[in-house]
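S.K.: Pasting in a structure now, in structure tokens, and then I'll have a few things to ask.
Read-outs throughout are calculated quantities, based only on the coordinates presented, and are distinct from any laboratory measurement. On a predicted model such as this, the values are computed, not experimentally measured, just so you know. We place every Cβ from the backbone using ideal geometry, glycine too, and count neighbours over all the protein chains shown.
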Amino acid sequence: MADLLNKPAQTNPSSRSAPEPFFLVIFGASGDLTRRKLIPAVYNLYQQGLLPKIFFVIAFARRDNSDENFRLQMHQAIQQFSPVASDNLKSWEQFAPHLIYHQANFEDMEGFGALKEKIHHLAARHNIAENCLFYLATQPRYFPVIVQSLADTDLARPTQPCACWQRLVVEKPFGSDLQSSRQLTLQIQKTFSEKQIFRIDHYLGKESVQNLLVFRFANSIFEPLWNNNYIDHVQISVTESIGVESRGAYYEQAGALRDILQNHIMHLLSLIAMEPPVRLDADAIRDEKVKIIRALRPIPPQCVGNDVVRAQYSADASGNQPVPGYLEEPGVAADSVTETFFALKAFIDNWRWAGVPFYIRSGKRMPVRITEIGIHFKPVPNVLFNTGKIAPMLPNMLTIRIQPNEGISLQFQVKTPGPEMRIQPFKMDFGYSDSLGATPPDAYQRLLLDALLGDSTLFARSDEVEAAWNFVDPIIAGCNDIALQKLPQYPAGSWGPKLADNLIIADNRMWTLTRRTNPR
């Protein structure tokens with residue numbers, strides 16, 4: 001480890017200061033999340049000079065392994081999931097000593113005691129504070145066990161005054177309903193204060209999601225129009241082209257409503273609809289997000305049958321390849337009524353959004369993977385242009401693409417050249433990659449760096465999680481109350497069931513996407 005002190009410090013090209021020396025302890029480090037996201041994110045931050053000279057990533061897992069073999073496995077993972085970053089062999093050789101493997105069970109007090117001694121020894125050897133970021137990358141049932149073990153061994157509650165910090169990153173799902181979420185919060189808060197808890201949702205780390213705040217409040221041309229006087233309705237679509245794959249057993253317990261609506265979509269909806277925060281700090285921004293979620297009009301359980309569409313994908317072709325239906329996936333019960341698709345109409349009962357419907361849909365095995373927010377403005381009056389042969393004209397539409405091809409598109413009307421008054425819609429498009437000359441970084445890079453710096457702006461607060469469950473719980477309860485032998489089916493590779501189209505067509509509207517499949 002001595003070479004960590006001898007190598008030159010890297011130059012930090014960012015205006016943000018680098019974190020203090022730290023220990024990142026990843027519980028469940030033998031899983032896919034560590035291999036695909038966490039270690040590549042840490043390595044990319046290291047290459048960009050955004051980390052301190054001295055830090056350690058301790059991989060805590062139950063499988064037998066060694067430091068050397070774990071480092072080899074992570075190098076292979078970086079080559080697979082971050083190939084550009086892996087080209088610099090010298091950089092990897094300097095980074096590898098920062099990775100340490102620690103084998104123990106989550107209930108093993110001796111293993112946690114050994115972890116404490118390891119951290120204490122490394123901190124003393126390198127003369128750094130014992131700053132610890134504990135990352136729960138395990139199955140949710142282990143969250144309380146690990147937190148309690150951290151408390152019992154004083155890893156999270158030092159017995160003596162310590163000029164250091166401890167923080168906890170919790171992966172979703174944060175509970176399976178309102179009651180379990182509250183219980184988990186109470187269990188964790190016995191050891192960590194709310195300011196130490198970072199509930200992570202990778203959607204909030206996406207550059208395009210963060211840009212919602214800038215777009216909303218740094219451009220005065222939109223704010224006067226951002227209300228029910230000018231906006232007809234809003235659409236939010238979150239679709240995936242893949243199925244449940246190897247996560248069938250997990251998905252049976254979750255379903256699309258828990259997996260997507262309660263977290264991802266609640267974040268997008270609150271950011272697009274929130275009022276201006278009084279300051280650009282974590283609590284001020286999250287205060288406004290919570291107000292929006294609390295203002296959502298409840299959908300009572302008895303109304304779910306008419307107001308919420310649920311369905312499952314059936315066997316068909318997706319991407320010109322035959323794929324199984326949800327009921328044929330491994331780990332899925334043959335008589336399952338767990339939804340892989342949902343669509344609903346929501347209302348925000350406040351002054352700005354009164355009467356504006358928010359149409360929301362999400363599904364697996366759709367034609368493409370896309371996350372998009374569409375702001376549909378009211379049509380122009382039926383005089384002058386929106387009349388006669390020209391009518392009906394498509395209304396103006398502002399589209400915010402979260403993924404892929406992150407960017408913003410504005411649709412407006414133009415006259416085509418010629419002697420006749422012919423009008424057609426035109427899209428003015430902005431793409432992050434081609435316009436700004438840089439590909440947005442992976443979300444985990446930003447979120448890990450923020451957690452290390454103690455910035456909780458892009459993490460969910462307990463009252464935000466509770467407010468989201470307050471909205472989603474009655475919907476799930478209503479779904480459970482409906483006696484169904486089988487959910488409606490939609491062919492894999494389609495845009496969902498006809499019922500979802502009927503939901504919006506009944507209001508004389510239609511689903512729209514302005515995805516940009518071939519960026520310039």
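S.K.: Any idea what the alpha-carbon Rg over 2.2 N^0.38 Å comes to for the range 204-505?
M.R.: Compared with the compact-globule rule of thumb, the range 204-505 sits at 1.07.
S.K.: Also, quick follow-up: For the chain, state the semi-axes of the equivalent ellipsoid (square roots of 5 times the eigenvalues of the alpha-carbon gyration tensor), sorted largest first and rounded to whole angstrom.
M.R.: 43, 27, 23
S.K.: Determine, from the Cβ-Cβ distance of D481 and R62 and an R0 of 56 Å, the FRET efficiency 1/(1 + (r/R0)^6), rounded to the nearest 0.05.
M.R.: Efficiency at R0 = 56 Å is approximately 0.90.
S.K.: Mind pulling the angle between the C-alpha long axis of helix 109-126 and the longest principal axis of the chain? Nearest 10 degrees, somewhere in 0 to 90.
M.R.: 80 degrees
S.K.: Next question. To the nearest 10 degrees, how steeply does helix 443-453 sit against the main Cα axis of the chain, on a 0 to 90 scale?
M.R.: Tilt relative to the chain: about 50 degrees.
S.K.: Pairs to check: K364/K486; K37/K206; K206/K364; K90/K116; K378/K415; K206/K378. Give those whose C-alpha atoms are more than 22 Å from each other in this structure.
M.R.: Correct reply: K90/K116; K206/K378.
S.K.: Please sort 272-283, 289-300 by packing, taking for each peptide the average over its residues of neighbouring beta carbons within 10 angstrom, highest first.
M.R.: 289-300, 272-283
S.K.: State the Cα centre-to-centre distance between the range 47-64 and the range 234-266 in whole Å.
M.R.: Their Cα centres are 30 Å away from one another.
S.K.: Follow-up question, since we're still on this one. Using only DSSP helix segments of four residues or longer, with each worth -39500 (n - 2.57), what per-residue ellipticity at 222 nm results for the chain after dividing by its residue count and rounding to 500?
M.R.: Counting only the DSSP helices, I get -9500 deg cm²/dmol.
S.K.: Taking the Cα centre of the range 204-505 as the origin, how large is its charge dipole in debye, to the nearest 20, when only Lys and Arg (+1) and Asp and Glu (-1) carry charge on their Cβ atoms?
M.R.: So the magnitude is around 900 debye.
S.K.: Still on this structure, I have one more. Using only Cα atoms, find the angle between the long axis of helix 207-217 and the longest principal axis of the chain, and express it within 0 to 90 degrees, rounded to the nearest 10.
M.R.: 60 degrees
S.K.: Same structure, new question: Whole-Hz ³J(HN,Hα) for each residue in the range 330-343, computed from phi via Karplus 6.51 cos²θ - 1.76 cosθ + 1.60 with θ = phi - 60°, x for glycine and proline: what do you get?
M.R.: After applying 6.51 cos²θ - 1.76 cosθ + 1.60, I find x, x, 9, 5, 5, 10, 4, 10, 7, 7, 10, 9, 8, 9 Hz.
S.K.: Dipole size in debye (nearest 20) for the chain around its Cα centre, Lys and Arg Cβ +1, Asp and Glu Cβ -1?
M.R.: Result for the chain is approximately 1140 debye, rounded to the nearest 20.
S.K.: Translational diffusion coefficient of the range 240-312 at 10 °C, 1.306 mPa s, Stokes-Einstein with Kirkwood Rh over Cα pairs, in µm²/s as a whole number.
M.R.: In µm²/s, the coefficient is 108.
S.K.: Could you rank the peptides 357-366, 407-416, 488-497 by their average count of other C-beta atoms within 10 Å per residue, with the highest value first?
M.R.: Sorting 357-366, 407-416, 488-497 by mean packing, highest first, produces 357-366, 488-497, 407-416.
S.K.: Okay, next question. What's the ranking of 458-466, 302-310 by average number of surrounding C-beta atoms within 10 Å, highest first?
M.R.: 458-466, 302-310
S.K.: Something else now. Can you work out ³J(HN,Hα) from phi for every residue in the range 282-296, in order, using Karplus 6.51 cos²θ - 1.76 cosθ + 1.60 and θ = phi - 60°, giving whole Hz and x for Gly and Pro?
M.R.: 4, 5, 5, 5, 6, 4, 5, 4, 5, 4, 5, 5, 5, 7, 4
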